[in-house]
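No value in this document is a laboratory result; all are computed from the given coordinates. Keep in mind that this is a model prediction, so the values were computed, not measured. Positions of Cβ are backbone-derived with ideal geometry, glycine not excepted, and every protein chain shown enters the neighbour counts.
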Amino acid sequence: MIQATTRTSELLELSEARTAHNYHPLPVVIEHAEGAWVTDVDGNRFIDCLSGYSALNFGHGHPDIIAAARDQLDRLTLTSRAFVHDQFAAFCAELGDLTGKEMVLPMNTGAEAVETAVKVARKWGYDVKGVPAGQANIIVAENNFHGRTTTIVSFSTDSVARDGFGPYTPGFTIVPYGSADAIRDAIDANTVAVLIEPIQGEAGVLVPPDGFLSDVRRICSENNVLFIADEIQSGLGRTGDTFACDHEGVVPDMYLLGKALGGGVVPVSAVCADTNVLGVLQPGTHGSTFGGNPLACAVARSVVALLNTGEFQARAKQLGAHLHERLGKLVGQGVVAVRGRGLWAGVDIDPALGTGRDICEALMRRGVLAKDTHGSTIRLAPPIVITQEDLDHAIDMLAEVVHERRAKS
Ligand SMILES: Cc1ncc(COP(=O)(O)O)c(C=O)c1O
């Protein structure tokens, strides 16, 4: 059983003293990592079952990604978009090919990709659809999580994320997640886009009903409305497909990508769409000093190359089936419900056994790092490179924690 030692306690205290308290991390201080494993400052090893909220889909320190970063660090790291660099065209073409889209607009964080999509959809509405100036609206889902900017929290239904940050940006209509009828009813002449997560991660890995994504696609096409899929957490191999939308063979008008696109090395996000959509931007209308920088492009190219092999998607599918089969057996044994797809699960713990945080702390003491969300749910999203043996060990530890707590309750 892992115990916090003086070194860990000291560093935790120091971190708390000099940072804003906008996070409540588990009390572990990580020093290095490899693959699915991290090691703390006291030499304790843990299986990483969060993967930086899916930013580490390919594991810590994937050799191809690190080699691409190292090589680029020695050559060129930043030009700004005022000049063109030699990685840019290849990155846009390769990511464009992966998504099947004609154009790529690189940014840095996920929230910036979402902001970019909101701006592009509005401009498309005015310039192409003919929506009267200032009247565009975008349909979003309850319990969404798209980031933390003032516009994005304006359409959040999570009071912790939203309250106290007004005045809020208007122009968003919120409908229940998973209801195609609600989307159809909410569309009016000024609707420019439907923005949804194909699987809601932060909400607890909520998978919509079968057919929902296809229905959204059809409704958007019928009404000349853009379908924007926020695949920042669900995309790039996590669900067993390149994109979570692939599960229903659905192609949105805009893919929003982030997290794993940066290979766990640098923040890289992107909006991918065809020319009739992204073509509405002209020089000066949008930008970012760091968006599409040489280091980001080189790293993201190595990520795209890994995805082009198909190995990670297949592995997430195969290990995911195993994960869900095993987790399913815990339902009724201290676990109330399990959701998810591929190597991604939301596990609702019986609230009588403790909070999600309690369970995550107990798991941490057994050498497994996971993250709670919304009270009693814990999320499992290990790096796709995890071995089945390590995955089994993590699930064994979860089973042990809930069984022990059941026995005591
Ligand atoms: C679906 C989704 N969209 C957007 C974001 C925001 O990404 P970032 O934290 O990089 O701004 C997140 C982050 O968790 C996310 O899960």
* Asked: Would you call Lys101 touching a residue at least 40 places away in the same chain (Cβ under 8 Å), within 16 Å of the ligand (Cβ to nearest atom), charged (D, E, K, R) and within 30 Å of Asp188 (Cβ to Cβ)?
  -> no
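Quick check on this structure: which one of Tyr177, Tyr168 is within 16 Å of the ligand (Cβ to nearest atom) and either touching a Phe, Trp or Tyr at 6+ places or on another chain (Cβ under 8 Å) or closer than 20 Å to Ala111 by Cβ (or both)?
The unique qualifying residue is Tyr177.
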* Asked: Looking at this structure, is Val304 outside any strand (DSSP E or B), within 19 Å of Ala89 (Cα to Cα) and of a type in the set (Val, Ile, Thr)?
  -> yes
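Here is a list: Val299, Val266, Val271. Which entry is in a helix (DSSP H, G or I) and under 19 Å from the mean Cα position of the chain (by Cα)?
Of Val299, Val266, Val271, the one residue that is in a helix (DSSP H, G or I) and under 19 Å from the mean Cα position of the chain (by Cα) is Val299.
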* Tyr23 versus (1) surrounded by 12 or more Cβ atoms within 10 Å (Cβ to Cβ); (2) closer than 27 Å to Ala296 by Cα; (3) under 25 Å from the mean Cα position of the chain (by Cα); (4) not aliphatic (A, V, I, L, M): which is the lone unmet condition? -> (1)
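Picking from Ala244, Ala270, which residue would you name as being within 22 Å of Asp64 (Cα to Cα) and in contact with a Pro (Cβ under 6 Å, 6 or more places away or on another chain)?
Step by step, each of Ala244, Ala270 is checked, and only Ala270 is within 22 Å of Asp64 (Cα to Cα) and in contact with a Pro (Cβ under 6 Å, 6 or more places away or on another chain).
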* Asked: Restricted to the range 243-253, and to residues that are in contact with an Asp or Glu (Cβ under 9 Å, 6 or more places away or on another chain) and within 9 Å of Phe227 (Cα to Cα), which residue is surrounded by the most Cβ atoms within 10 Å (Cβ to Cβ)?
  -> Pro252
* Asked: Of the residues that make up the range 206-219, is at least one in contact (Cβ under 8 Å) with a residue 60 or more places away in the chain and either within 16 Å of the ligand (Cβ to nearest atom) or within 17 Å of Asp253 (Cα to Cα) (or both)?
  -> yes
* Which of the residues belonging to the range 26-47 are in a loop (DSSP other than H, G, I, E, B), free of Cβ contacts under 8 Å to residues at least 60 places away in the same chain, surrounded by 12 or more Cβ atoms within 10 Å (Cβ to Cβ) and not β-branched (Val, Ile, Thr)? -> Asp42
* To do: State whether one or more residues within the range 48-67 are out of contact with any Cys (no Cβ under 8 Å at 6 or more places or on another chain), assigned to a helix (DSSP H, G or I) and free of Cβ contacts under 8 Å to residues at least 40 places away in the same chain.
  => yes
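Just a yes or no: is a residue in the range 314-328 part of a loop (DSSP other than H, G, I, E, B) and surrounded by fewer than 22 Cβ atoms within 10 Å (Cβ to Cβ)?
No; the residues of the range 314-328 include none that is part of a loop (DSSP other than H, G, I, E, B) and surrounded by fewer than 22 Cβ atoms within 10 Å (Cβ to Cβ).
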* To do: Among residues belonging to the range 233-266 that are more than 10 Å from the ligand (Cβ to nearest atom) and among the charged types (D, E, K, R), point out the one that is nearest to His62 (Cα to Cα).
  => Arg238
* Asked: Could you say whether any residue in the range 269-289 is farther than 30 Å from Ala407 by Cβ, within 16 Å of the ligand (Cβ to nearest atom) and touching a Phe, Trp or Tyr at 6+ places or on another chain (Cβ under 7 Å)?
  -> yes
* Asked: Can Leu206 be described as in contact with a His (Cβ under 8 Å, 6 or more places away or on another chain) and crowded, with 18+ Cβ neighbours inside 10 Å?
  -> no
* Asked: For the range 220-232, which residues satisfy the criterion of being assigned to a helix (DSSP H, G or I) and either within 15 Å of the ligand (Cβ to nearest atom) or not small (Gly, Ala, Ser) (or both)?
  -> Cys220, Glu222
* In the range 1-25, which residue that is part of a helix (DSSP H, G or I) and among the aliphatic types (A, V, I, L, M) is farthest from Pro383 (Cα to Cα)? -> Ala17
